[in-house]
Every structure is written in structure tokens, then in C-alpha cells.
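Scroll down for the structure; my scribbles are underneath it.
The values are calculated or read from the model by the stated rules, or taken from the named source; none is laboratory data. Everything numeric here is computed off the predicted structure, so don't read it as measured data. Here the Cβ positions follow ideal geometry from the backbone for every residue, glycine too, while neighbour counts run over all protein chains shown.
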Amino acid sequence: MKILYLDYNGVLHDGMVIRNRKRGMYISTPERSFFEWMPILEELLEPYPDVKIVLSTSWIRALGFDATRQELSEALRSRVVGSTFHHPKLLQSEFDIMPRGMQIWNDVELRKPDNWCAIDDDAFGWPIWCRDKLIETKGHLGLSDPEVQDALRAKLAAL
């Protein structure tokens, strides 16, 4: 199996997402909308029908797996095989304090994919032994950044 670990905030839309009890989730950056860069990911993945997606977004903890998966287009939703949060050997409290890179690495150890990469705007705490698997985005640009698109294109071709 070939896996793309996918974050939402700072990848598929601007990273300035705020969750408020009364207002719900919203992007604080003016003129931005949720999932505005999703069509870019669809296009980049189109030549690779065998690449599956594991959700590594914090949305899982806020909304649950099903609701988080439903936010994606059908083309992406059909590729989703799970999330990093559903790790049977981790306590929720351990998961919450673990850096994103370690959450993903734990999932890699569990799933044992043939190959994988991750796209995320959070590079803090990534294990050195798999840092080359991360495509780091700038939170305000995400997948709209041509350099990130080129990097993802290259990683997908290498999978």
C-alpha cells in the first residue's frame, strides 16, 4: 500500500483555523475558505489511483473520523483508509501530546505501507529518520504554493 498522510489546516486551506463554541470552526484570514485548495490535491493524485490517504488532521479529534472524512470530495474520500488517531496501542492523552510526526510514524509502524509521504504545515517534532517523507507547507499558502505542488508531484512519482 502507498499512503499519503494528509493534514487539512495549512494544506487544503489556510492554516488560521479557529474553533469556537458559538461560532464553530472558521478561518480568521479574510477572503479564505475551507478546502479551497482541495482541487489541487485531486489533480495531483489523479495519475496515482493506488495512493491511499490516511487523515493526520486534528479535525479527527474535534469532529470524529466520519465527519472529518465527509469534508473531502468524493474523489479524495474514496481514497481514505483511516486516520492516525485510530491507533489501538495509544491512549488518547498520549496521542494528544505527541508531535504530528510521531503520530504519523506510529501509524506507519502499524500499517507497514510499501511507501508513504506526508503533507503538513507542522514540522515540529518530526523524527529525523523520516523527515525526508514530509512535504512541509506554509500555513498561509498550503497546496496553492507551486513549490509545494512540485514537491508533492515528485514524492508521488517516487512512491
Filter pass, Tyr5 being assigned to a strand (DSSP E or B) and at pLDDT below 90:
no
Looking only at region 105-128, count every residue that is surrounded by 15 or more Cβ atoms within 10 Å (Cβ to Cβ) and in a strand (DSSP E or B) and tell me the total.
5
Qualifying positions in region 11-27 - in a loop (DSSP other than H, G, I, E, B) and modelled with pLDDT of 90 or more
Val11, Leu12, Asp14, Gly15, Met16
Tell me the residue from Glu43, Glu36 that is part of a helix (DSSP H, G or I) and within 27 Å of Leu156 (Cα to Cα), please.
Glu43
For the subset of region 41-56 comprising residues that are farther than 23 Å from His86 by Cα and within 14 Å of the chain's Cα centre (by Cα), which member is surrounded by the most Cβ atoms within 10 Å (Cβ to Cβ)?
Leu41
Tell me, which residue of region 129-150 that is within 19 Å of Ile3 (Cα to Cα) and loosely packed, with under 11 Cβ neighbours inside 10 Å is nearest to the chain's Cα centre (by Cα)?
Asp132
Given Leu90, Leu143, which one is among the aliphatic types (A, V, I, L, M) and modelled with pLDDT of 95 or more?
Leu143
Criterion: under 12 Å from the mean Cα position of the chain (by Cα), surrounded by 15 or more Cβ atoms within 10 Å (Cβ to Cβ), closer than 14 Å to Leu12 by Cβ and not β-branched (Val, Ile, Thr) - qualifying residue of Trp37, Trp59
Trp59
